[in-house]
Amino acid sequence: MKKKFYILPILSFLIISLLFLNYFDFSIFTKKDKISSEIESEIPKSSFNLKRDFLEFKTKMNKSDTIKIWFDHSVCNFQGYERIKISKKSDSIYVISEFKDETFDDIPEWKLMYSKSIQINDTNWRFEDFIKLNLNRMNKSVTENDRLVLQIINKDDKIEFYTNGLVDYNIFLKDYVNIMRELLPSKKYFIHDVDIIHE
């Protein structure tokens with residue numbers, strides 16, 4: 001009888017403990033689901049389409065959108081590449097530039113060149129004008145003399161710009177450099193302060 005007397009309280013305790021743990025686990029998952037759904041509801045769904053909205057990306061993007069830009073700075077014996085990430089935060093655009101030198105660096109790595117926040121209504125950095133100026137180079141029918149120099153990417157969408165020959169490349173490079181300098185008028189980075197080479 002004594003054994004039964006001791007076993008019953010133990011069993012009762014175990015049952016109550018299991019019920020409590022199940023309830024506790026359930027409440028945690030419920031809270032997690034609630035928090036996740038609240039976070040998702042705070043992020044607006046994007047209707048941004050790169051091929052349709054690229055000339056108005058500053059206003060058409062939302063917080064969930066990211067644009068990536070890749071530019072080939074290689075010329076003659078120099079091999080260098082720039083990649084830029086553009087994201088949106090509230091009423092501003094955030095731009096991050098990285099550069100990789102494959103000519104002089106023994107172990108080429110992406111290095112941060114600058115990060116810059118600009119207002120949506122900013123009129124100094126006119127990247128859209130640069131694109132408009134070079135629409136004839138965009139997604140063209142490629143020949144063997146054409147060179148892919150610039151890519152603009154958003155999700156699965158991609159816009160590509162090509163040049164033909166060294167002179168054409170340097171014209172394109174000069175326009176690009178002038179536009180990118182507008183981001184940092186008080187500073188100069190070597191990738192935006194290059195000498196233009198002519199044939």
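Calculated FRET efficiency, Q79 to S117, Cβ-Cβ distance, R0 = 41 Å: about 0.85 to the nearest 0.05.
Under the combined filter of DSSP loop state and at most 13 neighbouring Cβ atoms within 10 Å, region 94-161 retains these GluC sites (Glu not before Pro): E102, E109, E144.
Using the Kirkwood radius over Cα pairs, work out the Stokes-Einstein diffusion coefficient for region 83-137 at 37 °C and 0.692 mPa s, in µm²/s as a whole number. Present the calculation step by step, with values, prior to reporting the outcome.
Details: Rh = 13.4 Å.
Translational D for this selection: 246 µm²/s.
Building the convex hull from the alpha-carbon atoms of region 105-147 and averaging its projection over directions returns 6.0 nm².
Report the residues of region 113-141 in range of a label on D91: point 7 Å along Cα→C-beta, backbone N strictly under 13 Å from it. The answer is 119-122. Each part gets one Cα centre, and for region 55-77 versus region 128-174 those centres are 13 Å apart.
Summary value for region 50-192: 22 percent relative contact order, contacts being C-alpha pairs under 8 angstrom separated by 6+ residues. Other residues lying with their Cβ under 11 Å from the Cβ of P108 contribute a combined charge of -3, Lys and Arg counting +1, Asp and Glu -1. Diffusion coefficient (Stokes-Einstein, Kirkwood radius over C-alpha pairs, 37 °C, 0.692 mPa s) for region 50-192: 206 µm²/s, rounded to a whole number.
Please compare each pair in K63/K140; K63/K116; K58/K132; K68/K174; K51/K100; K60/K111 to a cut-off of 25 Å on the Cα-Cα distance and tell me which ones are over it. Each step should come with its number before you reach the end.
On the way: K63/K140 31 Å; K63/K116 16 Å; K58/K132 15 Å; K68/K174 20 Å; K51/K100 27 Å; K60/K111 29 Å.
Correct reply: K63/K140; K51/K100; K60/K111.
No value in this document is a laboratory result; all are computed from the given coordinates. All of these numbers come straight from a predicted model, not from anything done at the bench. All Cβ positions, glycine included, derive from the backbone under ideal geometry; neighbour counts span all protein chains shown.
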